[in-house]
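Inspection log for the structure reproduced underneath, given as structure tokens.
The values are calculated or read from the model by the stated rules, or taken from the named source; none is laboratory data. This is a predicted model, so every value here is computed, not measured. Every residue, glycine among them, receives a Cβ derived from its backbone with ideal geometry; neighbour counts consider all protein chains shown. Areas reflect the complete protein model, heavy atoms only, side chains present, ligands, DNA and RNA absent. Shrake-Rupley method; radii C 1.70, N 1.55, O 1.52, S 1.80 Å.
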Amino acid sequence: MTTNPRPYTHALNRLKEAGLRPTRQRLALARLLFDNGHRHITAEQLHSEAMSQNIKVSLATVYNTLHQFTEAALLNEIVIDSGRSYFDTNTAPHYHFYCEEDGMLSDIPAEAVQLARVPNMPRGTELASVDLVFRLRRQSARSAA
């Protein structure tokens, strides 16, 4: 006879492996983030999801938790501009398309992009990562023809 794991087991294990104490709020937010595959989400969207599922958590706590998860390498933060950041549950190397009209962010596999040349780094530095976001606009009917 096999037993089904508790519904929060996956989220609990992710937090423990990252060295984060699994508080009630962290566990609830981790379940929303990680239990249904990879996704891109803003703090406001996650807060709204939490509230709709009767998870009592402030927007400030959501922001703090997302930044803690990012520091623990559970998430990547994609900064679109000074007022908009998305948090990505896919931490493998990849890039993004961003649609300016609707705010949709989608993944591009790393192997689909070729960087022909990387400039020399300033003395005393080394390349930590490359963040690449292709900004898109929908074609108008006139220009698509």
Over the range 14-71, the set of residues at pLDDT below 95 and among the aromatic types (Phe, Trp, Tyr) is PHE34
In the range 109-135, the residues that are open to solvent by less than 100 Å² (accessible area, probe 1.4 Å) and farther than 17 Å from VAL79 by Cβ:
PRO109, ALA110, ALA112, VAL113, LEU115, VAL118, PRO119, MET121, PRO122, GLY124, THR125, LEU127
Those residues that are open to solvent by less than 70 Å² (accessible area, probe 1.4 Å) and over 17 Å from PHE87 (Cα atoms), I need them from the range 39-61; list them, please.
ILE55, VAL57, SER58
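So that you can scan it fast, the table gives a plain yes or no per residue for (1) touching a strand residue (DSSP E or B) at 6+ places or on another chain (Cβ under 7 Å); (2) closer than 19 Å to ASP107 by Cα; (3) not charged (D, E, K, R):
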{"residue": "ALA18", "(1), (2), (3)": "no, no, yes"}
{"residue": "SER48", "(1), (2), (3)": "no, no, yes"}
{"residue": "LYS56", "(1), (2), (3)": "no, no, no"}
{"residue": "THR70", "(1), (2), (3)": "yes, yes, yes"}
{"residue": "ALA73", "(1), (2), (3)": "no, yes, yes"}
{"residue": "GLU77", "(1), (2), (3)": "yes, yes, no"}
{"residue": "GLY83", "(1), (2), (3)": "no, no, yes"}
